[in-house]
Amino acid sequence: MNLLIKGGRVIDPANKIDKVMDLLIEKGKISRMAGSIRSENCRVIDAAGLIVVPGLIDMHTHLREPGREDEETILSGSEAAVKGGFTSICAMPNTSPAVDKEAVVKLILSKAEQAGLVNVYPIGAITKGREGRELAEIGELKRAGVVALSDDGNPVENSRIMRRALEYSRMFDLPIIAHCEDKNFSAGGMINEGRISTVLGLKGIPCFSEENMVARDVSLAKLTGSRIHIAHISSAGSVRIIKQAKKDGINVTAEATPHHFSLSDENLRLFDTNYKVNPPLRTGQDIDAIKKALADGTIDAIATDHAPHSEEEKDVEFDYAPFGMTGLETALGLAIKELVEKRILTVSRLVEKMSLNPARILRLDKGRLDPGSDGDLTIIDLNKEWTVKKEDFKSKSKNSPFIGEKLKGIAAMTICRGKVVYEK
Amino acid sequence: MVKWNRKDLLGLEGLSPAEIKLVLDTAESFKEISTRQIKKVPALRGRTIATLFFEPSTRTRASFELAAKRLSADTVSISSSTSSVVKGETLKDTARNIEAMKIDIIIIRHKCAGAAEMLARAVSSGVINAGDGSHEHPTQGLLDLFTIREKKKKIKGLKVAIIGDILHSRVARSNIWGLKKLGAEIVICGPATLMPPEIEKMGVRVVYDLRKAVKQADVINVLRIQKERQDAGFFPSLREYSREFGINKEVLKDAGKDLLIMHPGPINRGVEISPDVADGQYSVILDQVTNGLAVRMAVLYLLLGETKVKL
């Protein structure tokens, strides 16, 4: 059915639009935007007081299927995504088996189509089995439909192989998404290395672990002239390296997660494993640096690093719990609370970080409201106050430290390819 | 008079100076019991205490069990080799099963920091942390405070040097919190590789020269050095460690006659401490063991609350 969205504040940073208008979606595509549109035979959605933006894109999601369907499936992840306002999600390849073969890519795409809620874009592994030894068959992966390459969860530790990956992937115009971690430095570490790790007696992961690899990877991007995207920036030092690299003209982009700009290692005082993430939550100074970098453009995108884990896996001693927290359903609320409400970003800049820029980095034909483009829209209620509740999660996993947190701003409706896939 | 209102004893970080003093004062009245011919009072008769040790320990466990027995409590001990954890059961499940047996206090030792905290949240029984990873070992901290106070008649203003592997030491952390709260000055000393980051923010001074660290110290608390740290590359050899950080007569040549030498045990004789110092005039190492019993009796008694003791 065609959709007529009436009276919403339409924000489309790509076209520098920010005004109250009507928007018509016909046959799944945006057909018209104007002050007032009259149209028959369509569902009319009253968006007065709401914000209408290009559908949000999460360029860093873990869907766990294949391999850990008890934690998340492509269907449950899609449901979580649309509830969080996302119309597109990029599935990281650290599944079991890893996304290093055409067959796995096809499985993900076919499951996503069956789910029929969001656009799911698989990310292929850089190396076979994500082991960092041999390049995966990148050409085949590209043909099968991957939009980027990453060994996420693992760095490609061998610099020579990383160089080759950057050179080789350039032929296919696929960006490499780098998980920057020097595993020699972080081995056994659980939280940020600093005052809190000292007090708690938990082994720390120094910022250097990340910064060392960020520095290497931007150097390799310079050497090869290839595109690199740095995942989940957590430290002020990494921000400084990326800022300088951008000044030097290196083709680097970067993302930050809502938890890295909302939480610090102080939150770990009770040993709650829901705060155990990799890279770890850093200090207040790091949070300030990340926010500043989002404002000044050093960090291009906000990505969730949605990492569902079962309660059984998380409800153990801190040492034994896996890293990661769910993120799809809280990302928008946290971004509004921490960035828009605190005047770090305007809503338009936020949409750049959560839709336009991810689309640009991944070369997706998304993130903008051009007539003729896919009808992917998120309608946001900026003023809606809500509390994160465990029972409301659509994700199969509930490992969120934000349960009980009061947020302001939520997705009121998510529309993907002209179809209402979620409404509150 | 301060009252003890806590369900658990997880660390000294969260205790107020008044609560710490309450434990020490209570321990004083319990110490005498161990000198009697019949070393038993009925204070905790009918109460049940479980020790849940996931890490080997002889003295701490024996000390807790004896403390419980001297207060007439029933005890049950579960060690990692006999617990169902080895069969894949979670810590919480183990704890809940113990609790289902209506146990009043669980004493836990675990190699993971935060394990006691996790257990305390999961059960309604009282939980005593008998050492969790590199985090805290509160009863060791309390018995060290007790010993210092007993010998020196005060803690405020004393200069205490803690020497050795600070990075991995739960004893160091509990000592730092307790001593700071009661007004001591603390200097810590050990290899830079075994010094945790930003430790100064806990209110201590860091010195890498052993002689400077022990100069004018009223108390030297020597930590056990684990041989496997050498294999992990924290220092070149035990020989070098001993030369740089070992406490021996030469290091103590300018010591005042009131100096106290402490060690939480077990001792590596000839590594972190020389045998003549361990057994020498300044050593209160065995007093620590004796006092540990009194302190643990006090802690058990305070956690179990209202019963009046007939001494």
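The values are calculated or read from the model by the stated rules, or taken from the named source; none is laboratory data. If you're wondering where the values come from, they're calculated on a predicted model, not measured in any experiment. Using ideal geometry, Cβ is built from the backbone for each residue, glycine included, and neighbour counts are taken over all protein chains shown. Areas reflect the complete protein model, heavy atoms only, side chains present, ligands, DNA and RNA absent. Shrake-Rupley method; radii C 1.70, N 1.55, O 1.52, S 1.80 Å.
Collect the residues in the range A:207-234 that are within 14 Å of another protein chain (Cβ to nearest Cβ) and either within 29 Å of A:Phe172 (Cα to Cα) or surrounded by 20 or more Cβ atoms within 10 Å (Cβ to Cβ) (or both), keeping them in residue-number order.
A:Cys207, A:Ser209
If I filter the range A:138-163 down to residues being out of contact with any helix residue (DSSP H, G or I) (no Cβ under 7 Å at 6 or more places or on another chain), over 24 Å from A:Tyr121 (Cα atoms) and in contact (Cβ under 8 Å) with a residue 12 or more places away in the chain, which single residue comes out as surrounded by the most Cβ atoms within 10 Å (Cβ to Cβ)?
Of everything passing the filter in the range A:138-163, A:Ile161 is surrounded by the most Cβ atoms within 10 Å (Cβ to Cβ).
Which numbered condition trips up A:Pro308, out of (1) under 14 Å from the mean Cα position of the chain (by Cα); (2) open to solvent by 10 Å² or more (accessible area, probe 1.4 Å); (3) closer than 22 Å to A:Val277 by Cα?
(2)
For the range A:343-363, enumerate the residues that are open to solvent by 10 Å² or more (accessible area, probe 1.4 Å), more than 14 Å from A:Ala256 (Cβ to Cβ), in contact (Cβ under 8 Å) with a residue 40 or more places away in the chain and in a loop (DSSP other than H, G, I, E, B).
Across the range A:343-363, the qualifying residue is only A:Arg363.
Would you point out which residue out of A:Asp315, A:Asp374, A:Asp381 is open to solvent by 20 Å² or more (accessible area, probe 1.4 Å), farther than 15 Å from A:Thr304 by Cα and within 14 Å of chain B (Cβ to nearest Cβ)?
A:Asp315
Report the residue count in the range B:9-29 for those that are within 14 Å of chain A (Cβ to nearest Cβ) and surrounded by fewer than 22 Cβ atoms within 10 Å (Cβ to Cβ).
Residues in the range B:9-29 being within 14 Å of chain A (Cβ to nearest Cβ) and surrounded by fewer than 22 Cβ atoms within 10 Å (Cβ to Cβ): 2 in total.
Taking B:Glu150, is it open to solvent by 20 Å² or more (accessible area, probe 1.4 Å), more than 11 Å from every other protein chain (Cβ to nearest Cβ) and part of a helix (DSSP H, G or I)?
yes
Taking into account only those residues within the range A:282-305 that are in a helix (DSSP H, G or I) and either touching a His at 6+ places or on another chain (Cβ under 9 Å) or within 14 Å of another protein chain (Cβ to nearest Cβ) (or both), which is most open to solvent (accessible area, probe 1.4 Å)?
In this case the residue turns out to be A:Gln285.
Can you pull out the residues in the range A:415-424 that are under 15 Å from A:Val120 (Cα atoms) and assigned to a strand (DSSP E or B)?
A:Ile415, A:Cys416, A:Val421
Checking A:Gly124 against (1) open to solvent by 60 Å² or more (accessible area, probe 1.4 Å); (2) within 22 Å of A:Arg68 (Cα to Cα): exactly one of these is not met. Which one?
Every listed condition holds for A:Gly124 apart from (1).
Return the total of residues in the range A:395-424 being under 23 Å from A:Ala47 (Cβ atoms) and of a type outside the set (A, V, I, L, M).
Counting residues in the range A:395-424 that are under 23 Å from A:Ala47 (Cβ atoms) and of a type outside the set (A, V, I, L, M) gives 10.
For the range A:262-281, enumerate the residues that are open to solvent by less than 20 Å² (accessible area, probe 1.4 Å) and over 24 Å from A:Ile250 (Cβ atoms).
A:Leu263, A:Ser264, A:Asp265, A:Leu268, A:Phe271, A:Thr273, A:Lys276, A:Val277, A:Pro280, A:Leu281
I need every pair where a residue in the range A:8-35 that is at positive phi has its Cβ under 6 Å from the Cβ of a residue that is buried (at least 17 other Cβ atoms within 10 Å of the Cβ) and of a type outside the set (A, V, I, L, M), sequence separation at least 6 or different chains.
Close Cβ pairs satisfying both conditions: A:Gly28/A:Gly375; A:Gly28/A:Arg417; A:Gly28/A:Gly418.
So, in the range B:34-49, of the ones that are of a type in the set (Lys, Arg) and open to solvent by 100 Å² or more (accessible area, probe 1.4 Å), which residue ends up nearest to B:Leu304 (Cα to Cα)?
The selected residue is B:Arg45.
Would a scan of the range B:188-196 turn up a residue that is touching a Gly at 6+ places or on another chain (Cβ under 7 Å) and surrounded by 18 or more Cβ atoms within 10 Å (Cβ to Cβ)?
There is at least one residue in the range B:188-196 that is touching a Gly at 6+ places or on another chain (Cβ under 7 Å) and surrounded by 18 or more Cβ atoms within 10 Å (Cβ to Cβ).
Which is open to solvent by less than 20 Å² (accessible area, probe 1.4 Å) and more than 30 Å from A:Ala321 (Cα to Cα), of B:Ala172, B:Ala184, B:Ala120, B:Ala130?
Step by step, each of B:Ala172, B:Ala184, B:Ala120, B:Ala130 is checked, and only B:Ala184 is open to solvent by less than 20 Å² (accessible area, probe 1.4 Å) and more than 30 Å from A:Ala321 (Cα to Cα).
Can you pull out the helices (runs of 4 or more DSSP H) entirely within the range B:234-309 that have at least 3 residues that are open to solvent by less than 20 Å² (accessible area, probe 1.4 Å)?
Ranges flagged: B:285-304.
Working only within the range B:87-117, note down all residues that are within 14 Å of chain A (Cβ to nearest Cβ) and surrounded by fewer than 22 Cβ atoms within 10 Å (Cβ to Cβ).
Across the range B:87-117, the qualifying residues are B:Gly88, B:Glu89, B:Thr90, B:Lys92, B:Asp93, B:Thr94, B:Arg96, B:Lys111.
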